[in-house]
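Participant: I have a structure I would like to understand better, so I am pasting it below and will then ask my questions one at a time.
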Amino acid sequence: MKKNNGSKLKIIPLGGLEQIGMNITVFEYEDSIIVVDCGLAFPEDDMLGIDLVIPDVTYLKENIDKVKGFVITHGHEDHIGALPYILKEVNVPVYATKLTIGLIENKLKEHNLLRTTKRKIIKHGQSINLGAFRIEFIKTNHSIADAAALAIYSPAGIIVHTGDFKVDYTPVFGDVIDLQRFAEIGKKGVLALMCDSTNAERPGFTMSERTVGKTIDGLFAEHQNSRIIIATFASNVDRVQQIINSAYKYGRKVVIEGRSMVNIISIAQELGYINIPENTLIDVEQMKNYTGEQLVLITTGSQGESMAALSRMAAHLHKKISILPGDTVIFSSHPIPGNEKAVSNVINELSAQGANVVFQDVHVSGHACQEEIKLIYSLVKPKYAIPVHGEYRHLKAHAEVAQSLGIPKENIFLMYSGDVMELDEDGAAVTGKVHTGAIMVDGLGVGDVGNIVLRDRQHLSEDGIMVVVLTLEKRTNQLLAGPDIVSRGFVYVRESEDLMGEAREVVEEALDGCLSKNISDWGKIKSTIKDALGDYVWKKTKRRPMILPIIMEA
């Protein structure tokens, strides 16, 4: 560790504040940068056709010679999902725990990046030196195994970043969160604590993951005569473990359904994070050899996602599994804010097919509630508090908790993505802004759909399109063919022949007007046609379809 020579430490979140998702934070000291997490966000409702959203890392590209590596806290999509896209532009090593690296490698394989990406597995309690920083991984609990908090030692002071965490005294797999280490680091003097805010509005403690196991066991006992289908998050390996334990106890065979679920469970099994008794797992194809009460299906789709396995079953679209009257379907998750409607639609569809749907109390959160947040503050005793991971209201609730523990208001910072915070023992302040943003990924295109394309999609989705095609003679600009009008998503043409006929006359008039004035500029002709047709259609239908004039020359 080099001595502090008067420089300040900079903390720059490039995403992940004001929203759940797209977590990525830069720590910079002189000529060293480390990046904590590199997540994606799922598209908002108005982002038509967008698959996912990744952070804009212009700042990292501009400072590429300083960037020492990505340090990843855990394997959820909102913390690792953007890595394969960002590593193509910022190719630096990736450091994370075993399961997290396993999940990242799976992504790198899909993007052909395994060969070119350096990655290193770090154990809890281990430290790595990157430039001016030393980063220590601390064991925490979360809804995915192998989560870590980070102690970031810099010449300007120690920052503790909790990552996503809860305090689970009875975890299903592995050890309890290393509270002792938090306390030891707290004794050294911590400059700032960056702590998870997701559940900062909720009083009390988050229940242990084991309590869900008890509930699930009870449901297995209660529904011994029906087939059981359980939907949960693919990444919650401990939840899947508990379902498998109950299935084994009640003599049922387990089918795992849904691409992400199959992926993650096979990685977890390979790396020893889940223990599946011999002959418990069977293939979808083998289901026909068993009766309903001998089976349990573990599936994706607990959030009502239209392409996930459960939604496809509910909508009769699943090739191999249909819902049967008398099936018991258990939702082992809470709807993420914004997904409530989709989830309730799937529940309705399942119920309509005669399934018995259970969705109360079969889930606990992976995030700390107020009392656990207070516990971490009491152990770490930071000088400054920087709430992270959550929408503004979560960060604000977190700030109130920190204040109630005696942290002065002026030492609590609610940051926005792009803020540059500079801090050391003598003070902390937001001193500037860097460029940040969201880059949209649609299929294989990264960033080729921007606001203008989205605006067009919005327009098309609301009013449709009319295409006007005509052919003009090369030198004389005589009309040789057309104008023909084709429309999509505007009106059903067969029933609106009059409207389309009149629309065609309007176009002809506009065109004659142009040609009689000897206007030969095609741009001008197109905009005249566009305006005339637009006005006519608006008068007749009060709609504004997109109008696309196409002129060909012969």
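The values are calculated or read from the model by the stated rules, or taken from the named source; none is laboratory data. None of the values given here were measured: they were computed from a predicted structure. Glycine gets a Cβ as well: all are built from the backbone with ideal geometry, and neighbour counts include every protein chain shown.
Listed here are the residues, each with its yes/no results for (1) under 19 Å from residue 89 (Cβ atoms); (2) out of contact with any Asp or Glu (no Cβ under 7 Å at 6 or more places or on another chain); (3) not β-branched (Val, Ile, Thr).
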| position | (1), (2), (3) |
| --- | --- |
| 424 | no, yes, yes |
| 429 | no, no, yes |
| 442 | yes, no, yes |
| 447 | yes, yes, yes |
| 462 | no, yes, yes |
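Participant: Could you grab me the full set of residues in segment 412-430 that are under 18 Å from residue 21 (Cα atoms) and free of Cβ contacts under 8 Å to residues at least 60 places away in the same chain? Outline the logic, then answer.
Facilitator: In the first step, residues of segment 412-430 are kept if they are under 18 Å from residue 21 (Cα atoms); the result is 414-419.
Within segment 412-430, just 414 meets the criteria.
Participant: Follow-up question, since we're still on this one. Hey, can you tell me all the residues within segment 431-471 that are surrounded by 16 or more Cβ atoms within 10 Å (Cβ to Cβ) and free of Cβ contacts under 8 Å to residues at least 40 places away in the same chain?
Facilitator: Within segment 431-471, just 453 meets the criteria.
Participant: Based on this model, can you work out whether residue 461 counts as at negative phi, within 31 Å of the chain's Cα centre (by Cα) and among the hydroxyl-bearing types (Ser, Thr, Tyr)?
Facilitator: Numbers: at negative phi: yes; within 31 Å of the chain's Cα centre (by Cα): yes; among the hydroxyl-bearing types (Ser, Thr, Tyr): yes.
It is true that residue 461 is at negative phi, within 31 Å of the chain's Cα centre (by Cα) and among the hydroxyl-bearing types (Ser, Thr, Tyr).
Participant: Now for a different question. Give the residue, chosen from 238, 217, that is in a helix (DSSP H, G or I) and surrounded by 17 or more Cβ atoms within 10 Å (Cβ to Cβ). Give the derivation first.
Facilitator: Numbers: 217 fails: surrounded by 17 or more Cβ atoms within 10 Å (Cβ to Cβ).
Of 238, 217, the one residue that is in a helix (DSSP H, G or I) and surrounded by 17 or more Cβ atoms within 10 Å (Cβ to Cβ) is 238.
Participant: Out of 49, 21, report the one residue that is free of Cβ contacts under 8 Å to residues at least 60 places away in the same chain, small (Gly, Ala, Ser) and either more than 20 Å from residue 395 (Cα to Cα) or surrounded by 20 or more Cβ atoms within 10 Å (Cβ to Cβ) (or both).
Facilitator: Going through 49, 21 in turn, the sole match is 21.
Participant: If you don't mind, there's one more thing I want to ask. Go through segment 448-554 and tell me which helices (runs of 4 or more DSSP H), entirely inside it, have 2 or more residues that are touching a Gly at 6+ places or on another chain (Cβ under 7 Å).
Facilitator: Details: elements: 451-463, 497-516, 522-541.
Once the helices (runs of 4 or more DSSP H) in segment 448-554 are filtered for at least 2 residues that are touching a Gly at 6+ places or on another chain (Cβ under 7 Å), what remains is 451-463.
Participant: Restricting attention to segment 162-210, which residues are under 21 Å from the mean Cα position of the chain (by Cα) and under 19 Å from residue 136 (Cα atoms)? First the steps, then the outcome.
Facilitator: Looking only at segment 162-210, we keep the residues that are under 21 Å from the mean Cα position of the chain (by Cα), and these are 162-166, 194-200.
Within segment 162-210, 162, 163, 164, 165, 166, 194, 195, 196 qualify.
Participant: Next question, about the same structure. List the number of the failed condition for residue 297; all other conditions in (1) in a strand (DSSP E or B); (2) in contact with a Phe, Trp or Tyr (Cβ under 9 Å, 6 or more places away or on another chain) hold.
Facilitator: (2) is the only condition that residue 297 fails.
Participant: Collect the residues in segment 334-376 that are closer than 27 Å to residue 285 by Cα and part of a loop (DSSP other than H, G, I, E, B), keeping them in residue-number order. Working first, answer last.
Facilitator: Step one: list which residues in segment 334-376 are closer than 27 Å to residue 285 by Cα, which gives 346-347, 349-358.
Across segment 334-376, the qualifying residues are 353, 354, 355.
Participant: So, residue 368, is that one surrounded by 19 or more Cβ atoms within 10 Å (Cβ to Cβ), closer than 28 Å to residue 18 by Cβ and in contact with a Lys or Arg (Cβ under 6 Å, 6 or more places away or on another chain) or not?
Facilitator: Taking the combined requirement at face value, the residue satisfies it.
Participant: What residue, of 175, 146, 164, is assigned to a loop (DSSP other than H, G, I, E, B) and surrounded by fewer than 21 Cβ atoms within 10 Å (Cβ to Cβ)? Full working, then the answer.
Facilitator: Working: 146 fails: surrounded by fewer than 21 Cβ atoms within 10 Å (Cβ to Cβ); 164 fails: surrounded by fewer than 21 Cβ atoms within 10 Å (Cβ to Cβ).
Of 175, 146, 164, the one residue that is assigned to a loop (DSSP other than H, G, I, E, B) and surrounded by fewer than 21 Cβ atoms within 10 Å (Cβ to Cβ) is 175.
Participant: Further, regarding this structure: When you check residue 259 against the structure, is it modelled with pLDDT under 95 and of a type in the set (Lys, Arg), yes or no? Steps first, answer last, please.
Facilitator: Values: modelled with pLDDT under 95: yes; of a type in the set (Lys, Arg): yes.
Against the criterion (modelled with pLDDT under 95 and of a type in the set (Lys, Arg)), residue 259 qualifies.
Participant: I need every pair where a residue in segment 127-146 that is under 15 Å from residue 233 (Cβ atoms) has its Cβ under 7 Å from the Cβ of a residue that is part of a strand (DSSP E or B), sequence separation at least 6 or different chains.
Facilitator: Close Cβ pairs satisfying both conditions: 142/166.
Participant: Return the total of residues in segment 154-205 being over 30 Å from residue 31 (Cβ atoms), hydrophobic (A, V, I, L, M, F, W, C) and touching a His at 6+ places or on another chain (Cβ under 8 Å).
Facilitator: 2
Participant: Taking the condition charged (D, E, K, R) and surrounded by 13 or more Cβ atoms within 10 Å (Cβ to Cβ), does residue 285 pass? Full working, then the answer.
Facilitator: Values: charged (D, E, K, R): yes; surrounded by 13 or more Cβ atoms within 10 Å (Cβ to Cβ): no.
Spelling it out, it is not the case that residue 285 is charged (D, E, K, R) and surrounded by 13 or more Cβ atoms within 10 Å (Cβ to Cβ).
Participant: Count, please, the residues in segment 292-336 that happen to be free of Cβ contacts under 8 Å to residues at least 40 places away in the same chain and farther than 22 Å from residue 220 by Cα.
Facilitator: Adding up the residues that qualify gives 12.
Participant: Quickly run through segment 380-436 and pick out the residues that are closer than 20 Å to residue 29 by Cα, charged (D, E, K, R) and not in a loop (DSSP other than H, G, I, E, B).
Facilitator: 383, 419, 422, 424, 433
Participant: State which residue pairs qualify: first residue closer than 15 Å to residue 147 by Cβ and in contact (Cβ under 8 Å) with a residue 24 or more places away in the chain and inside segment 173-199, second residue in a helix (DSSP H, G or I) and among the charged types (D, E, K, R) in any location, beta carbons under 8 Å apart, and separation of 6 or more residues or different chains.
Facilitator: Matching pairs, first to second residue: 173/238.
Participant: Going by the structure shown, is residue 26 assigned to a loop (DSSP other than H, G, I, E, B) and without any contact (Cβ under 8 Å) to a residue 60 or more places away in the chain?
Facilitator: Details: assigned to a loop (DSSP other than H, G, I, E, B): no; without any contact (Cβ under 8 Å) to a residue 60 or more places away in the chain: yes.
For residue 26, the condition - assigned to a loop (DSSP other than H, G, I, E, B) and without any contact (Cβ under 8 Å) to a residue 60 or more places away in the chain - is not met.
Participant: Of everything in segment 248-262, what is of a type outside the set (Phe, Trp, Tyr) and either free of Cβ contacts under 8 Å to residues at least 40 places away in the same chain or farther than 29 Å from residue 291 by Cβ (or both)? Give them in sequence order. I'd like the intermediate steps shown before the answer.
Facilitator: Taking segment 248-262 first, the residues of a type outside the set (Phe, Trp, Tyr) are 249, 251-262.
Within segment 248-262, 249, 262 qualify.
Participant: Would you check which residues across segment 520-554 are surrounded by 15 or more Cβ atoms within 10 Å (Cβ to Cβ), of a type in the set (A, V, I, L, M, F, W, C) and free of Cβ contacts under 8 Å to residues at least 40 places away in the same chain and list them?
Facilitator: Scanning segment 520-554 gives 525, 532.
Participant: Return the only residue of 306, 266, 322 being closer than 30 Å to residue 46 by Cα and of a type outside the set (Lys, Arg). Please lay out each step first, then the result.
Facilitator: Numbers: 266 fails: closer than 30 Å to residue 46 by Cα; 322 fails: closer than 30 Å to residue 46 by Cα.
So the residue among 306, 266, 322 that is closer than 30 Å to residue 46 by Cα and of a type outside the set (Lys, Arg) is 306.
Participant: Here is a list: 31, 65, 37. Which entry is buried (at least 24 other Cβ atoms within 10 Å of the Cβ), among the acidic types (Asp, Glu) and at pLDDT 95 or above? Before you say what the answer is, go through the steps one by one.
Facilitator: Values: 31 fails: buried (at least 24 other Cβ atoms within 10 Å of the Cβ); 65 fails: buried (at least 24 other Cβ atoms within 10 Å of the Cβ).
Of 31, 65, 37, the one residue that is buried (at least 24 other Cβ atoms within 10 Å of the Cβ), among the acidic types (Asp, Glu) and at pLDDT 95 or above is 37.
Participant: Sticking with this one: Could you go through segment 492-503 and let me know if any residue there is under 17 Å from residue 471 (Cα atoms), exposed (fewer than 15 other Cβ atoms within 10 Å of the Cβ) and touching a strand residue (DSSP E or B) at 6+ places or on another chain (Cβ under 9 Å).
Facilitator: Within segment 492-503, not a single residue is under 17 Å from residue 471 (Cα atoms), exposed (fewer than 15 other Cβ atoms within 10 Å of the Cβ) and touching a strand residue (DSSP E or B) at 6+ places or on another chain (Cβ under 9 Å).
Participant: Can you name the residue in segment 415-430 that is surrounded by 18 or more Cβ atoms within 10 Å (Cβ to Cβ) and either of a type outside the set (Asp, Glu) or not assigned by TED's automatic domain parsing to the domain that holds residue 29 (or both) and is also nearest to residue 200 (Cα to Cα) among such residues?
Facilitator: 415
Participant: Could you check residue 180 against (1) assigned to a loop (DSSP other than H, G, I, E, B); (2) surrounded by fewer than 19 Cβ atoms within 10 Å (Cβ to Cβ) and say which number it fails?
Facilitator: So residue 180 meets the others, but not (1).
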